Amino acid sequence: MNLSKFEFSLSRDGVIGFLNVLIGKFGFKFRFHTALDKRKIWLVDHLFSISSGKVISGLFQGMKLSKKSNWDKKIYKFNTDLSSKIVGCYEQEVQNKIVELQKKNKKKYFVNFGAGEGYFALGVLHSGFFEKSLVFEISESSRNIMIENSKLNSLQDKLLIKKNANKNFLKDLNDSFKEISDIFLLMDIEGGEFDIFNESNLQAIKNCNLIIEFHRSHDHKKNQEFLSKIKKYFNVEILKTSNRNFSDISLLRDLNDDDRWLIASENRPYLMSWLACSPK
């Protein structure tokens with residue numbers, strides 16, 4: 001048995017961290033809350049209360065959010081990402097790039113692979129950037145929360161929901177929209193991009209705007225081959241998680257430094273990157 005994880009968790013989170021690694025080794029999903037977990041849960045509760053469940057800044061400002069979540073529901077009471085979503089800084093790099101690409105090459109329709117509870121798919125409708133959103137989401141509970149969020153914002157008539165995406169996704173696009181070239185695609189399906197974006201599919205969407213949350217494979221060659229394939233059809237810019245500035249958000253001024261910076265956490269295991277792709 002590899003003891004390094006036990007040693008690391010014990011030094012970082014104490015006995016609770018050690019127990020959580022041990023529980024994980026036996027295959028259980030349950031985890032004890034560390035002090036950091038409890039602080040994140042408190043922050044979500046506090047922010048949801050003072051914001052009345054609305055996004056308080058950024059591109060999606062004013063959008064209403066359900067407190068429910070499918071993410072880590074066996075570990076947390078609700079989604080600890082919700083704090084960054086309420087503040088409006090969740091995947092801020094992606095939000096900014098959507099605005100930039102829309103200004104250069106405006107599209108009518110938004111397609112979201114791995115839409116979760118609909119933060120982006122509904123947010124871009126709420127802000128008026130797109131006419132309709134088509135989403136692919138494999139989780140039934142996430143789809144149900146997305147429907148609830150759409151109703152909270154009176155956007156249900158502009159939202160089309162499909163289940164899991166696969167290599168045949170072009171049929172859904174053709175059935176839903178008149179022109180594929182009028183589509184902006186956002187993909188976050190935990191590595192599924194390697195299978196879905198084959199040569200023929202990339203050829204078909206080469207005139208679309210595209211952002212891929214890039215889940216790097218342990219196989220370096222596979223990563224390079226995928227990047228080369230994308231670059232054949234698109235101009236590619238690599239985005240990485242950048243800085244956040246909360247100094248102008250009045251609702252956060254009474255929080256201490258630790259809490260303000262903890263809001264920025266999106267609970268990622270490593271520095272995330274995205275591929276922002278515009279047509280050549």
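No lab work stands behind these numbers, since they all come straight from the coordinates. Predicted, not measured: the structure shown is a model, and the values here were computed from it. Neighbour counts run over all protein chains shown; Cβ positions are idealised from the backbone, glycine included.
Based on the inverse mean of 1/r over its pairs of different Cα atoms, what is the Kirkwood hydrodynamic radius of segment 1-155, in Å?
17.3
Where does each of LYS151, LYS158, LYS29 land when they are ranked from fewest to most other beta-carbon atoms within 10 angstrom?
LYS29, LYS151, LYS158
Counting other Cβ atoms within 10 Å, keep those with at most 12, restrict to DSSP loop, and tell me which chymotrypsin sites (Phe, Trp or Tyr not before Pro) in segment 1-67 are left.
Answer by residue number: PHE26, PHE28, PHE30.
Counting residues in segment 73-166 as N, plug N into 2.2 N^0.38 Å and put the Cα Rg over that result.
After normalising by residue count via 2.2 N^0.38 Å, the value is 1.08.
Give the angle, between 0 and 90 degrees and rounded to the nearest 10, that separates the Cα long axis of helix 92-104 from the longest principal axis of the Cα atoms of the chain.
Once rounded, the angle reads 20 degrees.
Only bridges with both residues in segment 121-280 count here: give the DSSP antiparallel percent, nearest 5.
Antiparallel: roughly 60 percent of the beta bridges in segment 121-280.
Relative to 2.2 N^0.38 Å, what does the C-alpha radius of gyration of segment 216-263 come to as a ratio? Two decimals please.
Taking N as the residue count of segment 216-263, the ratio is 1.98.
Would you tally the net charge around CYS277, using a Cβ to Cβ cut-off of less than 9 Å, leaving CYS277 out, and scoring K and R as +1, D and E as -1?
Summing Lys and Arg as +1 and Asp and Glu as -1 gives 0.
Which one, SER228, SER69, SER11, has the greatest fluctuation when you compute a Gaussian network model over the chain with C-alpha springs under 10 angstrom?
Highest fluctuation of the listed residues: SER11.
Mind listing the phi-derived Karplus ³J(HN,Hα) values for segment 229-242, rounded to whole Hz, using 6.51, -1.76 and 1.60 with θ = phi - 60°, and x for any glycine or proline?
Values per residue, Gly and Pro as x: 5, 5, 5, 5, 10, 10, 7, 10, 10, 8, 9, 10, 3, 10 Hz.
Looking at segment 182-265, what % of the alpha carbon pairs are farther apart than 22 Å?
That fraction is 43 percent.
Taking the Cα centre as origin and putting +1 on Lys and Arg beta-carbons and -1 on Asp and Glu beta-carbons, what dipole magnitude results for segment 130-222, to the nearest 20 debye?
Around 100 debye, computed over segment 130-222.
Work from the charge dipole of segment 154-280 (Cβ charges, +1 for Lys and Arg, -1 for Asp and Glu, about the Cα centre) and give the residue of ILE183, SER228, LEU239 farthest towards its positive end.
Of the listed residues, the answer is SER228.
Which values of log₁₀ I(q)/I(0), to two decimal places, follow from the Debye formula for segment 138-187 at q = 0.16, 0.19, 0.22 Å⁻¹ with a uniform point scatterer at every Cα?
-0.57, -0.79, -0.98
Using only alpha-carbon positions, what ratio does the radius of gyration of the chain give when scaled by 2.2 N^0.38 Å?
So the chain has a normalised radius of gyration of 1.05.
Give me the distance between the Cα centres of segment 99-167 and segment 1-75, rounded to whole Å.
Using only Cα atoms, the two centres lie 25 Å from each other.
State the extension gain, in nm to one decimal, for the chain segment bounded by ASN168 and LEU227, taking 0.36 nm per residue of separation less the distance between their alpha-carbons.
Computed gain between ASN168 and LEU227 is 19.1 nm.
Given R₀ = 51 Å, FRET efficiency for SER200-ASN256 by Cβ-Cβ distance, to 0.05?
0.45
Please list, by residue number, every one of the GluC sites (Glu not before Pro) in segment 189-280 that is coil in DSSP and has at most 13 other beta-carbon atoms within 10 Å.
Counting only loop positions with at most 13 other Cβ atoms within 10 Å, the GluC sites (Glu not before Pro) in segment 189-280 are GLU190.
Full-extension gain between LEU10 and ASN235, please, as 0.36 nm times their residue separation minus the C-alpha to C-alpha distance.
So the extension gain works out to 76.5 nm.
About the Cα centre of the chain, how large is the charge dipole given +1 on each Lys and Arg Cβ and -1 on each Asp and Glu Cβ? Please answer in debye to the nearest 20.
Approximately 280 debye in magnitude.
Identify which of ILE86, ILE196, ILE263 has the largest mean-square fluctuation in a Gaussian network model of the chain, with springs joining Cα atoms closer than 10 Å.
Of the options given, ILE196 has the highest mean-square fluctuation.
Could you line up LYS280, LYS40, LYS68 from fewest to most neighbouring Cβ atoms inside 10 Å? Intermediate values should be presented prior to the final figure.
On the way: LYS280 11, LYS40 23, LYS68 16.
By the 10 Å Cβ count, ascending, the order reads LYS280, LYS68, LYS40.
Mean separation of Cα pairs under 8 Å and 6+ residues apart, divided by the residue count of segment 92-279: what relative contact order is that in percent? Can you show the working numbers first?
Numbers: 270 pairs, mean separation 40.4, N = 188.
It rounds to 21 percent for segment 92-279.
In the Gaussian network model of the chain, springs joining C-alpha atoms below 10 Å, which of PHE110, PHE184, PHE246 carries the largest mean-square fluctuation?
PHE246
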